[in-house]
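For reference, the structure discussed in these notes is given below.
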Amino acid sequence: MEDVQKSLDDLENKLVNENKSPKKLKLTIAILIIFIIFLLAGFIIILIYFTINQKNSEKKEEEKEKEKEDNSKSEEDYLLAINGFKEEWYDIYGNRTINISYLENDVIPNTFKKGGANYIEELGDLNNGKNYAKHDVNVYDLYIPYSSLSRKNMTNGIILFVHGGGFENNTKAETECFAVRFAKLGFITANIEYTNSLDKYKERGIFRILDEITACIKSIKNELVSQNFDGNKLLLGLYGISAGGELILTYAFSDNNKILPIKFLFNSVGVVSINSTYWYKPAVKNVTLDSIESLDDIEQAKLNKNIVPIDPRFVLHITNLMTGKKLTQEELDKLFVNGELNINDEKYKEMYKYAKYGSPIELIRKKDNKDLIPILCLYGGNDDLIGVGHYSLLRQAYIDKNEKNKIELVYMKYGGHERFHHGTEHDIIAMKEMHAKMVEYAQKYFTSD
């Protein structure tokens, strides 16, 4: 009987255990499902997070691109407002001839040669009068507004624009916007390309470029005469930026025979002297001077330590370029003793002997007061390359000749020596003033019959 009871108990326990198994399974499955749900939810949350983050990143990139595009537009708008840039004006208002060569019989006439126009007798072998071969970059753009076509028998003014680049780089594209703007105003304009890469064109440095400017002006005159303009009634104004400023000042005050009468000069941050004594920059970036009118201003700024000397190595580099790579880098390095330029070194004296003739102040000081040409200057207070001392030196030379009424400054107090033609984005008002005064000069000195 006990065995029967035990069997019944075992059967009952077995049935009870079998009834519990489905409950455990269901519980296990339920837990597994909940886990999977949480896992999927976490995955979905992570996916949503990364999707939102990606969209935010894309939005930020789009905003950056839009900001970049807006900035680009604002730059174009600025150039358009100031310079007349980006307008295909010549299709409507005038004629434009692109890349006219200014060579004659495949050579550039050397009007600065020794024994010819008596430019500088001392130059000797550096400028020995030999013609040199044609260079591809000896071209210019000529803009002839329709308004000037009706004035062929009257006085016509030409403004020649000369770009900068430190005698190493840049092209006539730098000054194209200026040539366009003044042609729109009715003046004949031209935009010169010259051999400024002295690594490639080593012969005679700045003197070769002066020859090219002479040849270019001669070609412009011949071109206009061929279009029935009266060559005897053509007048010239010159505009130069940086190295271009140095070039037009040197050209205008040299003793060579001028092809056209030069009526005025527009000097934008041009080099006036290669003497490093006059090369200063702001002691602190974006801290500038209230005035640079006189040498006293500069001396006081030096005493107050508002301006500091520019590294003489840079000045020496420019001087060396002007002479057509006359000294090697090793020779240049040897000119410095304990970090100071040794101006008594014979190699420096030899280089300076020639380079000083490309220093406009040296030429201006030798001129009679009646020979001083009206100059409108543009300089920037934050220019750390062609510093504030250059204008003051130039102005003092005019004062010494009792001709200070022939020189005028537009001062970009916050302007530097950088893109947008030397920092004019920092001082747009000054740049507008500069262009307004340029128009006044052109109207005043290009008088009609």
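What ranking of L372, L32 comes out by heavy-atom accessible area, probe 1.4 Å, highest first?
My answer, sorted largest first, is L32, L372.
Tell me, what is the 1.4 Å probe accessible area of K152, in Å² to the nearest 10?
For K152, solvent-accessible area is about 50 Å².
Using the crude model of +1 on Lys and Arg Cβ and -1 on Asp and Glu Cβ, and no other charge, please compute the dipole size for the range 334-376 relative to its Cα centre, in debye to 20.
120 debye
Evaluate the charge dipole of the range 288-332 about its Cα centre and quote only its size in Debye, nearest 20, assuming +1 on the Cβ of each Lys and Arg and -1 on the Cβ of each Asp and Glu.
I would put it at about 300 debye.
Using the Cα gyration tensor of the range 227-345, with a ≥ b ≥ c the square roots of its eigenvalues, what is the shape: rounded (a/c below 1.5), prolate (a/b larger than b/c) or oblate (neither)?
oblate
Name the shape class, rounded, prolate or oblate, that the alpha-carbon gyration tensor gives for the range 193-283, where a ≥ b ≥ c are the square roots of its eigenvalues, rounded holds for a/c under 1.5, and otherwise prolate holds if a/b is larger than b/c and oblate otherwise.
Prolate.
Could you give the length gained on full extension between I34 and V308, defined as 0.36 nm per residue of separation minus the Cα-Cα distance, in nm?
91.1 nm
Given axes a ≥ b ≥ c from the Cα gyration tensor, I'd like to know whether the range 298-418 is rounded (a/c under 1.5), prolate (a/b larger than b/c) or oblate.
It comes out oblate by the Cα gyration axes.
The values are calculated or read from the model by the stated rules, or taken from the named source; none is laboratory data. Being a predicted model, the structure only gives us computed values, none of them experimental. Cβ atoms come from the backbone with ideal geometry, glycine included; neighbour counts cover every protein chain shown. Quick note on the areas: whole protein, heavy atoms, side chains included, nothing else; ligands and nucleic acids left out. Shrake-Rupley method; radii C 1.70, N 1.55, O 1.52, S 1.80 Å.
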